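**Q** The following block contains the structure, expressed as structure tokens.
The values are calculated or read from the model by the stated rules, or taken from the named source; none is laboratory data. Keep in mind that this is a model prediction, so the values were computed, not measured. No Cβ is skipped: glycine too gets one built from the backbone with ideal geometry, and neighbour counts run over all protein chains shown.
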Amino acid sequence: MPKGVKQAILGIWITIALSLIAALTNKWTGVISTGEFAFYIFMSAIFCIFPYKLGKGSNPARWVYTVLTAASMLLMLGGMATEMPKADLIVSVIMIPIEIYIVIQLFKREASQWFTKVA
């Protein structure tokens, strides 16, 4: 596995942890309900599939992760951020450069070659 893919996987784990911290902060401050908090936990659990699948060399996981990342950034920049709880907004701003770095690492030449060879 190329070094860049390892770094991308670590970055994904960091973004998942940041999202969970934001969800916990929102729950403690009463900004979100218990049901919304449970949804955050569920979605974070689903996102834990990506580092696992990427570590196994799944090219489709690389593309799905990239599309989801781009879509979330477009939604945030398109005005959805005004409706976000403050903790989510802060974490999202922190995560944008991390997400860009992750996608760049996943599509570097050595990573692309590795993903196509493993599949």
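**Q** Return yes or no: is Leu54 over 14 Å from the mean Cα position of the chain (by Cα), under 18 Å from Trp13 (Cα atoms) and of a type outside the set (Gly, Ala, Ser)?
**A** no
**Q** Additional query: Residues to consider are Gly55, Gly35; find the one that is in contact (Cβ under 8 Å) with a residue 12 or more places away in the chain and over 18 Å from Ile100 (Cα atoms). Don't jump to the end; show me each part of the working.
**A** On the way: Gly35 fails: in contact (Cβ under 8 Å) with a residue 12 or more places away in the chain.
Within the list Gly55, Gly35, the selection yields Gly55.
**Q** Testing Gly57 on (1) modelled with pLDDT under 80; (2) in a loop (DSSP other than H, G, I, E, B), one condition comes back false. Which one is that?
**A** (1)
**Q** Mind listing whichever residues of the stretch 21-37 are buried (at least 18 other Cβ atoms within 10 Å of the Cβ) and part of a helix (DSSP H, G or I)? Write out each step before concluding.
**A** In the first step, residues of the stretch 21-37 are kept if they are buried (at least 18 other Cβ atoms within 10 Å of the Cβ); the result is 22-23, 26-27, 32.
Selection gives Ala22, Ala23, Asn26, Lys27.
**Q** Going through Pro97, Pro2 one at a time, which residue ends up being out of contact with any Cys (no Cβ under 6 Å at 6 or more places or on another chain), of a type outside the set (Gly, Ala, Ser) and free of Cβ contacts under 8 Å to residues at least 60 places away in the same chain? Spell out the reasoning first.
**A** Numbers: Pro2 fails: free of Cβ contacts under 8 Å to residues at least 60 places away in the same chain.
Testing whether each residue is out of contact with any Cys (no Cβ under 6 Å at 6 or more places or on another chain), of a type outside the set (Gly, Ala, Ser) and free of Cβ contacts under 8 Å to residues at least 60 places away in the same chain leaves just Pro97.
**Q** Just give me the residues in the stretch 57-67 being under 13 Å from the mean Cα position of the chain (by Cα) and buried (at least 17 other Cβ atoms within 10 Å of the Cβ), in sequence order.
**A** Ala61, Arg62, Tyr65 - these are the residues of the stretch 57-67 that are under 13 Å from the mean Cα position of the chain (by Cα) and buried (at least 17 other Cβ atoms within 10 Å of the Cβ).
**Q** How many residues are in a helix (DSSP H, G or I) and either crowded, with 20+ Cβ neighbours inside 10 Å or modelled with pLDDT of 90 or more (or both) when one looks only at the stretch 93-119?
**A** First, pick out the residues of the stretch 93-119 that are in a helix (DSSP H, G or I): 93-106, 109-118.
Still in the running and either crowded, with 20+ Cβ neighbours inside 10 Å or modelled with pLDDT of 90 or more (or both): 95, 97-106, 109-115.
Going through the stretch 93-119 one residue at a time, the tally reaches 18.
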